[in-house]
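Below is one structure, written out as structure tokens, with a few remarks after it.
The values are calculated or read from the model by the stated rules, or taken from the named source; none is laboratory data. Since this is a predicted model, take the numbers as computed values, not measurements. Using ideal geometry, Cβ is built from the backbone for each residue, glycine included, and neighbour counts are taken over all protein chains shown.
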Amino acid sequence: MFFEILGDAAEKITTECLVVGVEAEGKLSPTAAKLDEVTQGAIKGLINSGDFSGAAGDQHLLRNLPGLTSPRLLVVGLGKPDERKDRHYRKLVKGINQTISKLKLKSVAVALDGLASDHSDPYRQTRLLTEWTSADFYQYDTTKSKKADPLALEQYAIVLNDEEIELGESALLDGVAIANGVNAARELGNLPGNICTPTYLADKAKALAEEFDSLKVKVLDEEKMEKLGMHSLLSVGRGSAQPSKLIIIEYRGGKKDEAPHVLVGKGITFDTGGISLKPGAGMDEMKFDMCGAASVIGAIESVAEMQLPINVTAVVAAAENMPGSQATKPGDVVTTMSGQTVEILNTDAEGRLVLCDALTYVERFKPASVIDVATLTGACIIALGHHASGLLSNNESLAESLLKAGDYASDRAWPLPLWDEYQELLDSNFADMGNIGGRSAGTITAACFLSRFTKQYPWAHLDIAGTAWNSAGKEKGATGRCVSLLCQYLIDQAELVETSEAEHHHH
Ligand code: BES
Ligand code: MN
Ligand code: ZN
């Protein structure tokens, strides 16, 4: 599918279907008013007939109107002014895309006149439209023998006012790049555990580096990790026939000596729980336990596509958590790369065990910031449900930036406290710490554990256990959550660099 921005004169656009918005109680948007005029009152006529009111979610398809080049005009309801939140806009976009799909259209041109979302920001509205539309047309068929029908839709035009075109063009480029990262993350997430192994993730990273000159990949195998003392990470894959991997992807778009922003992803390609075996029901969903890894891989792909003028490094800690004969047992003590020892009281709390060594490893990059993304705790689903990712951080301004980025990207996170009072829940009689903190505050104690390995840099942790995938029915599958948030954070960092450079030149 090809996205493009078109200027004014909607009536003259050659397309199979024009889409235009009408507000609640039949109030016409500027483009709707213009189209009503050239069609000799077709839209007002529709409203007067009572068949369409402009209520949020309403749709009506008109055909073969006089004065229009397009054979179809889809009129969509934008609702009342207080119905312009992201959740309304998301539904509106989905509704339009469902109709486009049903009609098997080859081309559409969508004119929403900056009224569809509550931010009067044409960049944001256009970018979200691009991201969401691209997501709506993603189909998983990789492991089906019958492939999905190829997408009929070839051309998706977004109609903007002339003065919005420039912003719209950059929104479209960013939106397509982010959407590609999101869909790449979803695809990795959806692949089954017997295909998407740690080795597969490493190969995927290498393929990405083939595609983008700006990306370099290094993969550490078990022997190398052994030498580095990553015994905690290695303990997780001990019960598996699949070798663990540490995957490092470097994007260099900034100055050579500029500190990178580091993204760390939990890449448990299947989480059985290990010897602390999980119950059987729904265990298939633990193939999604590498969605943090998928997010950071997707995000760095988007960054490369956007060619941001900063340095970014993505690190994936990949292992399969299985209860094989060599598996780690409850009570085993391992020494982490940092030198701190851990009593593994529950082998199902494995995410933190792979992440802690990756977090120590990234100290060598002298990072500007480190953000880890992980399907870390079931407790996060209890705390926040499926809308917000959990956010915990040792740095207030980093946390603030991520919250803001998530809001703007419509990929929201919500903070939980990381107070020292919680730390003692990790006390162990047999090691420096245990790997679990008991029943209470599971998301916080998991982050407390990680915080003991992140003292050298500003760090934030995103728990995506509740957001990384949908569990039910036709919607079951990976969401790509946090790719947009991470991209927005990095776009913001790139803008900071550009502003400070501009000032520098000025002085
Ligand atoms: N991958 C799971 C967390 C998870 C569970 C994410 C369900 C999404 C849905 C993680 O490795 C895990 O098993 N965590 C345990 C930790 C506990 C043993 C302290 C959990 O949340 O139950
Ligand atoms: Mn687990
Ligand atoms: Zn897990």
Check ASP289 against each of (1) crowded, with 24+ Cβ neighbours inside 10 Å; (2) over 22 Å from CYS487 (Cα atoms); (3) touching a residue at least 60 places away in the same chain (Cβ under 8 Å); (4) within 16 Å of ligand 1 (Cβ to nearest atom) and name the one condition it does not meet. (2)
The lone exception for SER295 - which of (1) within 16 Å of ligand 2 (Cβ to nearest atom); (2) crowded, with 24+ Cβ neighbours inside 10 Å; (3) of a type in the set (S, T, N, Q) it fails: (1)
Residue that is farthest from ligand 1 (Cβ to nearest atom), among those in the range 349-376 that are under 16 Å from PRO260 (Cβ atoms) and among the charged types (D, E, K, R): LYS366
Here is a list: LEU68, LEU74. Which entry is closer than 19 Å to THR130 by Cα, touching a strand residue (DSSP E or B) at 6+ places or on another chain (Cβ under 9 Å) and in contact (Cβ under 8 Å) with a residue 40 or more places away in the chain? LEU74
Can you find a residue that is within 19 Å of the chain's Cα centre (by Cα), under 19 Å from ILE297 (Cβ atoms) and within 15 Å of ligand 1 (Cβ to nearest atom) anywhere in the range 380-402? yes
So, of the residues in the range 308-326 that are within 16 Å of ligand 1 (Cβ to nearest atom) and buried (at least 21 other Cβ atoms within 10 Å of the Cβ), which turns out to be farthest from LEU220 (Cα to Cα)? MET322
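In the range 399-415, how many are surrounded by fewer than 22 Cβ atoms within 10 Å (Cβ to Cβ) and within 30 Å of ASP271 (Cα to Cα)?
6
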Would you check if VAL262 is crowded, with 24+ Cβ neighbours inside 10 Å, within 18 Å of VAL217 (Cα to Cα) and of a type in the set (A, V, I, L, M, F, W, C)? yes
Any chance THR454 is touching a Gly at 6+ places or on another chain (Cβ under 6 Å), more than 24 Å from ASN180 (Cβ to Cβ) and not acidic (Asp, Glu): no
Looking only at the range 43-57, which residues are surrounded by fewer than 19 Cβ atoms within 10 Å (Cβ to Cβ), in a helix (DSSP H, G or I) and of a type outside the set (D, E, K, R)? GLY45, ASN48, SER49
Quickly run through the range 375-426 and pick out the residues that are within 14 Å of THR445 (Cα to Cα), in contact with a strand residue (DSSP E or B) (Cβ under 9 Å, 6 or more places away or on another chain) and within 16 Å of ligand 3 (Cβ to nearest atom). LEU376, THR377, ALA379, CYS380, GLY390
Given VAL362, VAL333, which one is farther than 11 Å from SER232 by Cβ and among the β-branched types (Val, Ile, Thr)? VAL362
Residue list for the range 406-462, filter: out of contact with any helix residue (DSSP H, G or I) (no Cβ under 9 Å at 6 or more places or on another chain) and of a type in the set (A, V, I, L, M, F, W, C): PHE430, ALA431
Which of the strands (runs of 3 or more DSSP E) contained wholly in the range 206-293 include at least 3 residues that are charged (D, E, K, R)? 245-252
Could you pull out the residue among ALA299, ALA318, ALA304 that is within 30 Å of GLN488 (Cβ to Cβ), in contact (Cβ under 8 Å) with a residue 12 or more places away in the chain and in contact with a Cys (Cβ under 8 Å, 6 or more places away or on another chain)? ALA299
Go over the candidates THR341, THR347 one by one and state the one that is within 14 Å of ligand 3 (Cβ to nearest atom), more than 20 Å from GLY466 (Cα to Cα) and among the polar types (S, T, N, Q). THR347
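Table: residues versus (1) more than 24 Å from ASP411 (Cβ to Cβ); (2) among the small types (Gly, Ala, Ser); (3) at pLDDT 95 or above.
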{"position": "ILE436", "(1), (2), (3)": "yes, no, yes"}
{"position": "ALA446", "(1), (2), (3)": "no, yes, yes"}
{"position": "ALA460", "(1), (2), (3)": "no, yes, yes"}
{"position": "ASP463", "(1), (2), (3)": "no, no, yes"}
{"position": "ALA468", "(1), (2), (3)": "no, yes, yes"}
{"position": "GLY480", "(1), (2), (3)": "no, yes, yes"}
{"position": "ASP492", "(1), (2), (3)": "no, no, yes"}
{"position": "GLU503", "(1), (2), (3)": "yes, no, no"}
{"position": "HIS507", "(1), (2), (3)": "yes, no, no"}
Could you tell me which residue of the range 12-33 is nearest to GLY95 (Cα to Cα), considering only residues that are buried (at least 18 other Cβ atoms within 10 Å of the Cβ) and out of contact with any Ser or Thr (no Cβ under 7 Å at 6 or more places or on another chain)? VAL19
Cβ-Cβ under 8 Å pairs, at least 6 apart or on other chains, the range 257-269 side within 16 Å of ligand 1 (Cβ to nearest atom), far side of a type in the set (S, T, N, Q): GLY265/SER295; LYS266/THR375; ILE268/ASN321; ILE268/THR375; THR269/THR197; THR269/GLN242
